[in-house]
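What follows is a set of notes on a single structure, which appears directly below.
The values are calculated or read from the model by the stated rules, or taken from the named source; none is laboratory data. Given the structure is predicted, the values throughout are model-derived calculations rather than measurements. All Cβ positions, even for glycine, are placed from backbone atoms using ideal geometry, and neighbour counts span all protein chains on display.
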Amino acid sequence: MTSDTVSQGTGPTPTDAEAEVVDLCRDLLRIDTSNYGDGSGPGEREAAEHVMAKLTEVGLDPLYVEGFPRRGNVVVRIPGEERGTAERGALLLHGHLDVVPAQAADWKVDPFSGELADGCLWGRGAVDMKDMDAMLLAVVRELVSSGRRPPRDLVVAFLADEEAGGPQGARWLVDNRPELFEGVTEAVSEVGGFSVDVDGHRTYLLQTAEKGIAWLRLVAHGRAGHGSQVGTDNAVTRLCAAVARIGAHEWPLEYTPTVRQFLDGVSEITGVPFDERDPSALLARLGTTARWVGATLQNTSNPTQLQAGYKHNVIPGSASALVDCRFLPGRQEELLATIRELAGERVDVEEVHVDTALETEFAAPLVDRMRAALEAEDPGAGVLPYCLSGGTDNKSFARLGIRGYGFAPLRLPAGMDFAGMFHGVDERVPVDALEFGVRVLRRFVASA
């Protein structure tokens, strides 16, 4: 691993977005915003204040909103040339400032060092999603300092708590400060616009759908007693049986309109037929991206945590497990009913966090502008819609009737396991991908 150097930014001019995006990203990576999902951790205040300063520096008047201690959110509205027209509403550009935790011992570098090496910026959040935060910040600073105005109103938001589903971030703002998003009809954020190699053809994936989230807790009940006795009513045994059934359940293949359009597109590029009964031959042409796509062909249910007992020789009266379930659009009730059936008797299924699945049209004017921006910077590349197996803050904004897309454009090396970077070890983003993303976002914002 070889180290590189980057010149320090000196303030924005109309051509400075590419020059400063690396510094902006590195500064954010060096701020620990780990979100443990239980309210602990450093919070996003320091990162939010840093973003506030960068926006204020170019003459904007951003609003800092903190619904919970240290859970900082920043929102600013930039008036557009077409303000007040009936043709289209405002556009929301948003990113989250929190990151999942990182175990430093597992990494080649300090995960909060923002180290530049091998042509990449390394650190927790480099792809999820402080890279996009930096690109947005760079493009907005350039736009405002140039004196230009976007075609429509832009609402730019840097948010807390996305990695826990947003109850102290986007969801709180939607429920308590909806006026900040007045007039917004569409939103753009993670996870889309990145390139993948499809049989030697560079293809950009635009996210037009995302699976729903059902984080569930199973609680099994039994009779407490001495560990030396014959156990005929053991909560741990009952829980383990339920967990095994749920973890081993084979969900049927189902193809939503977005997934079908994606697979049809891959089939056209590769010449491999799309077999609905067994799409494995087609998925095999996608390399590491196949893991993401494969998770969008069906509901999923993965047990993730177990808890029971307090002493080796005591049979506990209850035992619990956490299960991470993701459901396809329109399949929420079906998934929950199936999980309850698999759990069986005397196992309660509690909903810890359940949020909707999303799906919107690929054939839309905003998507056309995304495609045009990509194709202008990478002529000849393909563009396809896809469904995200995870979730984003677009779920929260959907409660306000806002259609959400994933568009954080990055042109990536063909062999890079980008999917594995999300929540993974040695997370990093190529510097030239950041610079490419700025160029694409600049074009997109100027036309959106």
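Brief remarks follow.
- In the range 99-117, the residues that are closer than 15 Å to Glu163 by Cβ reach residues that are assigned to a strand (DSSP E or B) and modelled with pLDDT of 95 or more with C-beta atoms within less than 9 angstrom, at least six apart or across chains, in these pairs: Val99/Ser34; Val100/Ser34; Pro101/Ser34; Ala102/Ser34; Pro111/Val99; Pro111/Trp122.
- Among the residues of the range 339-355, those that are part of a strand (DSSP E or B) and among the hydrophobic types (A, V, I, L, M, F, W, C) comprise Val347, Val349, Val352, Val354.
- Restricted to the range 190-245, and to residues there that are among the β-branched types (Val, Ile, Thr) and under 30 Å from Val347 (Cα atoms), the residue that is surrounded by the most Cβ atoms within 10 Å (Cβ to Cβ) is Val243.
- Sole residue being over 19 Å from the mean Cα position of the chain (by Cα), under 24 Å from Asp264 (Cα atoms) and surrounded by fewer than 18 Cβ atoms within 10 Å (Cβ to Cβ), chosen from Ala337, Ala381, Ala373: Ala381
- Against the test of being modelled with pLDDT of 95 or more, in contact with a Phe, Trp or Tyr (Cβ under 9 Å, 6 or more places away or on another chain) and either of a type in the set (Phe, Trp, Tyr) or not in a loop (DSSP other than H, G, I, E, B) (or both), the options Ala53, Ala47 yield a single qualifying residue, Ala47.
- Residue within the range 134-144 that is hydrophobic (A, V, I, L, M, F, W, C) and either assigned to a strand (DSSP E or B) or surrounded by fewer than 24 Cβ atoms within 10 Å (Cβ to Cβ) (or both) present: yes
- Hits in the range 84-98 (condition: surrounded by 15 or more Cβ atoms within 10 Å (Cβ to Cβ) and either in a loop (DSSP other than H, G, I, E, B) or modelled with pLDDT under 95 (or both)): Arg88, Gly89, Leu97, Asp98
- Test: residue in the range 253-276 that is in a loop (DSSP other than H, G, I, E, B), farther than 11 Å from Val198 by Cβ and among the basic types (Lys, Arg): no
- Comparison of Arg285, Arg326, Arg340 shows that the only residue that is among the basic types (Lys, Arg) and touching a helix residue (DSSP H, G or I) at 6+ places or on another chain (Cβ under 8 Å) is Arg285.
- Of all the listed residues (Leu322, Leu336, Leu366), the sole one being over 29 Å from Pro150 (Cβ atoms), of a type in the set (A, V, I, L, M, F, W, C) and part of a helix (DSSP H, G or I) is Leu336.
- Checking the stated criteria, Thr304 turns out to be surrounded by fewer than 18 Cβ atoms within 10 Å (Cβ to Cβ), in the same structural domain as Asp233 (by TED's automatic domain parsing) and in contact with an Asp or Glu (Cβ under 7 Å, 6 or more places away or on another chain).
- Exactly one residue among Asp106, Asp110, Asp61 is in contact with a helix residue (DSSP H, G or I) (Cβ under 7 Å, 6 or more places away or on another chain) and surrounded by fewer than 20 Cβ atoms within 10 Å (Cβ to Cβ), and that residue is Asp110.
- Taking (1) crowded, with 19+ Cβ neighbours inside 10 Å; (2) within 30 Å of Ala446 (Cα to Cα); (3) hydrophobic (A, V, I, L, M, F, W, C) in turn, Ala364 satisfies each apart from (1).
- Within the range 148-175, the set of residues being part of a helix (DSSP H, G or I), over 14 Å from the mean Cα position of the chain (by Cα) and buried (at least 22 other Cβ atoms within 10 Å of the Cβ) comprises Arg171, Leu173.
- Looking only at residues of the range 176-189 that are over 30 Å from Asp378 (Cβ atoms) and of a type outside the set (Gly, Ala, Ser), we find that the one that is surrounded by the most Cβ atoms within 10 Å (Cβ to Cβ) is Phe181.
- Failed item, numbered, when His353 is tested on (1) under 27 Å from His221 (Cβ atoms); (2) touching an Asp or Glu at 6+ places or on another chain (Cβ under 9 Å); (3) surrounded by fewer than 18 Cβ atoms within 10 Å (Cβ to Cβ): (2)
- The residue that is nearest to Val383 (Cα to Cα), counting only those in the range 259-285 that are of a type in the set (Lys, Arg) and surrounded by fewer than 18 Cβ atoms within 10 Å (Cβ to Cβ), is Arg260.
- Yes/no for Leu282 being within 20 Å of Pro385 (Cα to Cα) and among the hydrophobic types (A, V, I, L, M, F, W, C): yes
- Residue among Glu359, Glu375, Glu351, Glu341 that alone is among the acidic types (Asp, Glu), in contact with a Pro (Cβ under 8 Å, 6 or more places away or on another chain) and modelled with pLDDT of 95 or more: Glu359
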